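In what follows, a single structure is set out as structure tokens and then discussed.
The values are calculated or read from the model by the stated rules, or taken from the named source; none is laboratory data. Note that this is a predicted model, so its numbers are computed, not measured. Positions of Cβ are backbone-derived with ideal geometry, glycine not excepted, and every protein chain shown enters the neighbour counts.
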Amino acid sequence: MTAPRPLAALPGLEELAANPQRATDLTPEAARALLPRCSQELTRLSELRGMLLIAAFANGTARRDTSDRFLDADAVAAKISKSRSWVEEHPDDLPARRRVGGRGALVRARA
């Protein structure tokens, strides 16, 4: 039985994202080593995307009121141009949410 080979220096995810074709040059071991980091980065970017969507569709008005307001799934769907079912099936792709009064999951947004 041969000893496992040490992994060569791995390229950064940013480098691979700029040139995804380079991923085909990775060894299977290197690719497996990068997958968890890639998943973590995708989660972070998904959270950022949700926050950017809320900020982008805040009707372009200055925030006058700093109190929280709650949106139901229909309102969230309308704001991000998705269906209600998409909102209900992808809660982890959206920013912070709370359940209020036994009703469906609501997304916290600034007014």
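Residues checked against (1) modelled with pLDDT of 85 or more; (2) on the phi > 0 side of the Ramachandran plot:
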site	(1), (2)
Thr27	yes, no
Leu42	yes, no
Arg64	no, no
Ala75	no, no
Glu89	yes, no
Leu94	no, no
Gly102	no, yes
Inset, instruction - Please determine, by comparing only the residues of the stretch 28-42 that are of a type outside the set (Lys, Arg) and in contact (Cβ under 8 Å) with a residue 12 or more places away in the chain, which one is farthest from Pro95 (Cα to Cα). - result: Glu29
